[in-house]
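Peer 1: For reference, the structure I am asking about is given below.
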Amino acid sequence: MNQSEKFNGPIPLSLLPDSAQVGSRGELQIGGIAVDDLANEYGTPLFIYDEDHLRSRCREALNSLGSGTAYAGKAFLCAAMARLVTEEGLHLDVASEGELQTAIAAEVPGERIVMHGNNKSLDELSLARSYGVGRVVVDSLDELHRLQRLHDQDGIVSPILLRVTPGVEAHTHEYVSTGQNDSKFGFGLESGAATAAVEECAANPGVDLVGIHQHIGSQVFRVDSFARALEVVVGFSEPLGLPELSVGGGLGVAYVESESAPSITEWGEMLRQACDSLGVQARVSAEPGRSIAAQAAVTVYSIGTIKELPGIRTYIAVDGGFGDNPRPMLYGSGYTAFVPSRVTEARNTVARIVGKHCESSDVIVREASLPENLSVGDFLATPVTGAYGYSMASTYNRMPRPPVIFVSKGESRLVIRGESVEDLMTLDIG
C-alpha cells in the first residue's frame, strides 16, 4: 500500500506548527492568522514560521541539552532567527563567513558563537578571532597552522574543539552522513589522526584545546546511533581530561504521516543516560537545528497548471519548486501536501506536485494525497519546511527566492523580503 492510498484523511496536526488550528471556515490558521490571508498579503511562494513554535523548541533544547546548547544556523538563519535563539538562551553555530556576519549583524555576543567549517579560510578565522567567537571547531591540521600564523601576528589564543570522526555509520542518507571513516570532516579516530591533532595542539601557541566535537550526520532517527558514537568518542576524549564534549546535532524529524521521530527531550534523556553510564566528566553540549526549525514552518504555493495525463497521472504545477526546497531532488526526501483553505477535508485524489523549474526532477511531492476539484489559483501547502528549505534555496532559472514571515498571536512580520528579478540583475556587470 503506497502512501497516497494509506493516508487520505485530513492533514494531521502533528506535522504542523504548534499554533496550527482550524478556523470556522475549515481553514488552517497559524499564529492566529488564516494561511490563505497571509498568502494573499505577502504573495506566493511564501515561508510561514510559527515564532512561538521556534521559541518553544529552543526552550526545550536548553532544558534538555544544557546551557552550552547551540542552534545549528545552517538549518535556517537570518538576523531575526539569530536574535530569537539568543533571546531564548541558546548559543549559535555558524559555518561560513556569511553566517558569522549574520550573527554579528544580529549582535549575537561573540562568546556565544561556535564557528564550524571543514575549510575555513584565513579571512574567516581572522574575523572569528577578532569578534571573540567563543569556540572554533577545528577540522584539519591546515586550520591549526592558520591559527598559529594568526597568533604569530597578534598574540590572540583561540579556544578550540577538535572535531573527530568516530567511524560510526548513521542510519541516514549518505549525503548527510558525516561520522564514518571516509568523511571530509574531522580527524579520524581509527587512523590515529585525532591523536596526532591533540599532540599538534599541545605544541601550538595559537590554540587552547578545551574539548572534543563529534557529529555523525543529519536526519538521524535512531538514538542508538548517537549512543554508539558517544561510546567511541568518550573512550578517546575522557582520558584527555578536557572540560567540554560536543555531541553535535542531527536529530531527525517526521516529514510525512508514516514517520515518527524522538523529541528533543527524549534525545536529551538518552544522551544523559549514555553519559552517566560512560562516566563522562566533561560538560556535554549539543547542536540541534532541524529539530528546532523544521516543523515550525509551512511553504505556501499557488497552483498555476493542472495537467491530466489519462491512464498515467495528474500533474499539478505550482509557482515554486526545488529553488525553495531542493531536498526532494537532492535526497529523494518525502513530503506531504494539503490545501490550507480545506484543511479538514479528506484527501482522496492523487497528483504529482511539481515546480516551474526547467527540470523533470523538479518534483516537490511524487504522490500527493489532495482534496478533490482543485483549480488553478488555489493555494497548496507543504508542511515541515522550516529547515533546509530557504537556507538551501537557489535562483536557478533566475527565479527569485521567496519571502519569509514570522507569525505570533495574530501578528505577522516580514523577516526576509522576497527577492525580485531586479535584485538578481544587480550582480550583472557586463
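Peer 1: Note down the magnitude of the dipole of the chain about its Cα centre, charges +1 on Lys and Arg C-beta and -1 on Asp and Glu C-beta and zero elsewhere, to the nearest 20 debye.
Peer 2: Computed about the Cα centre, the dipole is about 520 debye.
Peer 1: Compute the Cα gyration tensor for segment 182-289, then decide on rounded, prolate or oblate, letting a ≥ b ≥ c be the square roots of its eigenvalues: rounded whenever a/c is under 1.5, prolate when a/b is larger than b/c in the other cases, and oblate in all that remain.
Peer 2: In terms of gyration-tensor shape, prolate.
Peer 1: Could you work out how far helix 264-278 tilts from the main Cα principal axis of the chain, as a 0 to 90 degree angle to the nearest 10?
Peer 2: Helix 264-278 sits at roughly 30 degrees to that axis.
Peer 1: From the phi angles alone, apply the Karplus equation (6.51, -1.76, 1.60; θ = phi - 60°) to segment 289-295 and give each ³J(HN,Hα) in whole Hz, x where the residue is Gly or Pro.
Peer 2: x, 4, 5, 8, 9, 4, 6
Peer 1: Quick one: which residues, 5+ away or cross-chain, put their amide H under 5 Å from the amide H of Arg283? H built at 1.01 Å from N.
Peer 2: Glu244, Leu245
Peer 1: Continuing with this model, one more query. Taking N as the number of residues in segment 51-291, what is its Cα Rg relative to 2.2 N^0.38 Å?
Peer 2: Compared with the compact-globule rule of thumb, segment 51-291 sits at 0.96.
Peer 1: Between Ala105 and Arg413, what is 0.36 nm times their sequence separation minus the Cα-Cα distance? Round to one decimal in nm.
Peer 2: Length gained, Ala105 through Arg413: 109.0 nm.
Peer 1: Can you list the residues, at least 5 places off or on another chain, whose amide H is less than 5 Å from the amide H of Val384, using H built in the peptide plane?
Peer 2: Ala297
Peer 1: Can you give me the Cα centroid spacing of segment 241-284 and segment 329-372 in angstrom?
Peer 2: For segment 241-284 versus segment 329-372, the Cα centre distance is 33 Å.
Peer 1: Additional query: For Arg347, which sequence-distant residues (separation of 5 or more, or a different chain) have an amide H within less than 5 Å of its own amide H, given hydrogens modelled in the peptide plane?
Peer 2: Under 5 Å from the amide H of Arg347: Gly9.
Peer 1: Please express the Cα-Cα pair-distance distribution P(r) of the chain as a list of whole percents, one per 20 Å bin, running from 0 to the bin with the greatest distance.
Peer 2: Pair shares across the bins are 26, 53, 20, 1.
Peer 1: So what is the orientation-averaged projected area of segment 59-146, using the convex hull of its C-alpha atoms, in nm²? Provide the component values of the computation, followed by the final result.
Peer 2: Working: hull surface 21.4 nm².
Mean orientational projected area (segment 59-146, Cα hull): 5.3 nm².
Peer 1: Can you tally the net charge around Val365? Count Lys and Arg as +1, Asp and Glu as -1, for every other residue whose Cβ sits under 14 Å from the Cβ of Val365.
Peer 2: Charge balance in the 14 Å sphere: +1.
Peer 1: Over the chain, with a Gaussian network built from C-alpha contacts below 10 Å, which listed residue (His53, His145, His116) shows the highest mean-square fluctuation?
Peer 2: His145
Each value in this text was obtained by applying a stated rule to the coordinates, not by laboratory testing. Nothing here was measured: the structure is a model prediction, and the numbers come from that model. Every residue, glycine among them, receives a Cβ derived from its backbone with ideal geometry; neighbour counts consider all protein chains shown.
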